[in-house]
Every structure is written in structure tokens, then in C-alpha cells.
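The values are calculated or read from the model by the stated rules, or taken from the named source; none is laboratory data. Note that the structure is a prediction, hence the values are computed from the model and not measured. Positions of Cβ are generated from backbone atoms using ideal geometry, with glycine treated the same way; all protein chains shown enter the neighbour counts. When the accessible area is computed, the model is the full protein with side chains, heavy atoms only, and any ligands, DNA or RNA have been set aside. Shrake-Rupley method; radii C 1.70, N 1.55, O 1.52, S 1.80 Å.
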Amino acid sequence: LGGTRSVLDRAVKYAKERVVFGRPIGMNQAVQHPLAEIWARLTAAELTVWAAATLYDQDLPCAAEVNAGKFLAGELFFDACTRAVRVHGGYGQAKEYHVERYFRESVSPLVGPVSQELALCHIAEQMLGLPKSY
């Protein structure tokens with residue numbers, strides 16, 4: 001989630017600073033709305049992770065909440081990085097803006113240490129009562 005926060009901050013900063021046709025690109029809803037959505041999803045993912053941590057600290061079962069937090073955080077990081085590259089346009093691949101590095105790194109949480117699919121399998125089995133599928 002820290003990476004998501006960082007890449008969102010970079011995209012917001014760029015949206016405020018980049019001026020096209022005499023105004024910052026952040027004045028456009030096509031830029032604002034996706035960034036606002038990332039912020040809302042980040043808040044929800046943070047709350048999920050905190051809920052899992054609270055259960056863990058109380059020695060209560062928390063595997064489903066941990067998997068939910070991992071799943072949400074992984075998807076969100078990838079989406080936030082994709083959005084940041086798009087907000088930066090052609091500069092999204094320039095090393096000096098650093099969003100290209102975040103974008104490359106955003107794939108790792110999708111596949112490890114537990115894949116997104118395996119996290120969903122656990123949630124389906126434990127929280128929804130569906131049969132084990134692996």
C-alpha cells in the first residue's frame with residue numbers, strides 16, 4: 001500500500017504541475033476521477049489490512065482478511081501504476097519521473113508470495129463455503 005500511496009502522490013503532483021492549453025491537466029475530470037477512485041480504493045484496502053492486523057494481534061482467525069487485503073492491495077497497486085503512467089502520458093516511461101519503475105514493480109504482488117488466484121480460492125473456500133478447487 002505504501003507503493004500505491006507513493007505512485008498516487010506522484011500522479012497527483014504531475015496533474016497539478018503539467019499545464020496544457022493554459023491549464024493544469026488536473027482540472028480535467030478525465031484525470032481527476034481515476035485518481036480519486038484510486039484514493040478511495042486505497043482507503044478501503046488500508047482499512048481491510050488494518051482489520052486483518054487487529055484480528056492477528058488479538059490471536060483471532062484472520063487468514064481470509066489477510067488474503068482479502070493482499071488481493072485488494074495487489075490489484076490496486078497495478079491499477080494505480082497504470083493510471084500514473086497514463087496521467088504522465090509520454091513522460092510515463094521517462095526514468096526521471098519514476099512511475100515507469102513503479103509500473104514494472106506492480107506485477108510482483110500479483111504473483112507472489114501468493115498469487116491473486118490462490119488468495120481468491122482461500123476466500124471462496126473459507127468465507128463462502130465453496131468446495132476446495134485446487
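Calculate the FRET efficiency for Glu17 and Lys132 from the Cβ-Cβ distance with a Förster distance of 41 Å, rounded to the nearest 0.05.
Calculated transfer efficiency: 0.20.
Of all aspartates and glutamates in the structure, the ones whose alpha carbon falls short of 20 Å from that of Lys95, not counting any fewer than 8 places away in one chain, are Asp9, Glu17, Asp79, Glu105.
The order of His98, His33, His122 by accessible area, most exposed first and with a 1.4 Å probe, is His33, His98, His122. When Cys62, Cys81 are compared by accessible surface with a 1.4 Å probe, the order from highest to lowest is Cys62, Cys81.
With R₀ fixed at 30 Å, the C-beta to C-beta distance from Asp9 to Val114 puts the FRET efficiency at about 0.65.
Surface composition of the chain: carbon and sulfur make up 61 percent of the accessible area, probe 1.4 Å. About its Cα centre, the dipole of the chain is roughly 700 debye, where the only charges are +1 on Lys and Arg Cβ and -1 on Asp and Glu Cβ. Taking all protein chains together, Tyr97, Tyr14 sort by accessible area into Tyr97, Tyr14, largest first [probe 1.4 Å]. When the chain is described by a simple charge dipole with +1 on each Lys and Arg Cβ and -1 on each Asp and Glu Cβ, the residue from Phe103, Gln58, Gly74 located farthest towards its positive end is Phe103. Taking every protein chain into account, the 1.4 Å probe leaves Lys13 with about 120 Å² of accessible area, to the nearest ten.
Per-residue 3J(HN,Hα) values for the range 16-32, derived from phi via the Karplus relation 6.51 cos²θ - 1.76 cosθ + 1.60 with θ = phi - 60°, read 6, 8, 6, 10, 10, 6, x, 8, x, 5, x, 7, 8, 4, 5, 9, 4 Hz in sequence order (x marks Gly and Pro).
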